[in-house]
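Quick note: the coordinates plus some simple rules give every number you see, no bench work behind them. Keep in mind that this is a model prediction, so the values were computed, not measured. FYI the Cβ positions are ideal-geometry reconstructions off the backbone, even for glycines, and counts take in every protein chain you see.
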Amino acid sequence: MDLRDIPITTMEGTQTSLSAFDGKALLIVNVASRCGLAPQYETLEKLQQEYGDRGLQVLGFPSNQFLQELGSNEAIKQFCSTTYGITFPIFDRIRVNGRHEHPLYTELKKTPDASGKAGKVTWNFEKFLVSPSGEVHRFRPRTVPDDPTVIAAIEQSLPGAGGDAV
């Protein structure tokens, strides 16, 4: 199944899919408000502001898989807005591992990281960059969103960039 066709649910309960963001490079992140890595929200928002006009879309998928997410979509939305001024979409809470994992993550986790390891999401704030042509790059949680390797992959994945030219 194409990643962009997998159904996802907004915080408000509306069904959509990644195809709503066709033509964009997507930075998909499993987020958690009470995680020690939550300050990455700030950098993710900076990337959205810096690259959004050039075709990057950051997408947050809250997960309580590691027991560090707030209890409701409303609480998550308020936290993201008031603490970090998040403008990028935050979706309904999902599971990223296990028998009831979301199909989006079933597909994303097939992509290996820089060391060649695929499989389970190891913690909150694991990042998957999906180019408009469908190429996926994986960055583990401790790789900060503005790490040079992430920035280089974003630059390469933007619509019209060298590696994704049509």
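With +1 on each Lys and Arg Cβ and -1 on each Asp and Glu Cβ, how big is the dipole of the range 1-116 about its Cα centre, in debye rounded to the nearest 20?
On the way: 11 positive and 14 negative charges, 50 e Å.
The calculated dipole for the range 1-116 is roughly 240 debye.
Using the Cα centre of the range 3-164 as origin and beta-carbon charges of +1 (Lys, Arg) and -1 (Asp, Glu), tell me which of THR122, SER63, ILE90 is placed farthest towards the positive end of the dipole.
So the residue we want is THR122.
When the helices in the chain are scored as -39500 (n - 2.57) per DSSP H run of 4 or longer and the sum is shared across all residues, what 222 nm value do you end up with, to the nearest 500 deg cm²/dmol? Can you show the working numbers first?
Numbers: 4 runs with 40 residues, N = 166.
Counting only the DSSP helices, I get -7000 deg cm²/dmol.
Ordered by residue, what ³J(HN,Hα) values in Hz, to whole numbers, does the range 110-122 give under the Karplus form 6.51 cos²θ - 1.76 cosθ + 1.60, where θ = phi - 60° and Gly and Pro are x?
6, 7, x, 7, 4, 8, x, 9, 9, x, 3, 6, 8
For the range 56-65, in order, what is each residue's ³J(HN,Hα) by Karplus, 6.51 cos²θ - 1.76 cosθ + 1.60 with θ = phi - 60°, in whole Hz (x at glycine and Pro)?
9, 10, 7, 10, x, 10, x, 9, 9, 4
Quick one, which of (1) 1.22; (2) 0.99; (3) 0.92 is the actual Rg/Rh (Cα atoms, Kirkwood Rh) calculated for this model?
Calculated Rg/Rh (Cα atoms, Kirkwood Rh): the matching label is (3).
Lys pairs in the chain, Cα-Cα under 13 Å, at least 8 apart or on separate chains: how many? Provide the component values of the computation, followed by the final result.
On the way: LYS109/LYS117; LYS109/LYS120; LYS109/LYS127; LYS110/LYS120.
Step by step, the pairs that qualify in the chain add up to 4.
Tell me, what is the percent relative contact order of the chain, built from C-alpha pairs under 8 Å that lie six or more residues apart?
On the way: 302 pairs, mean separation 43.2, N = 166.
Computed value for the chain: 26 percent relative contact order.
About the Cα centre, and with charges only on the beta carbon of Lys, Arg (+1) and Asp, Glu (-1), how big is the dipole of the range 71-166? Nearest 20 debye, please. Let's see the in-between values first.
Values: 12 positive and 11 negative charges, 101 e Å.
Dipole magnitude for the range 71-166 comes out near 480 debye.
Would you grab the residues whose amide H sits under 5 Å from the one on SER17? Only those 5+ places off in sequence or on another chain, please, with H modelled 1.01 Å from N.
For SER17, whose amide H was placed from the backbone, the distant partners under 5 Å are ILE8.
For the pair ASP2 and ALA152, how long in nm is the line joining their label points, each one 7 Å along Cα→Cβ?
3.0
What is the mean projected area of the alpha carbon convex hull for the range 1-98, to one decimal in square nanometres? Could the numbers behind the result be given before it?
Details: hull surface 25.6 nm².
Over every viewing direction, the Cα hull of the range 1-98 projects on average to 6.4 nm².
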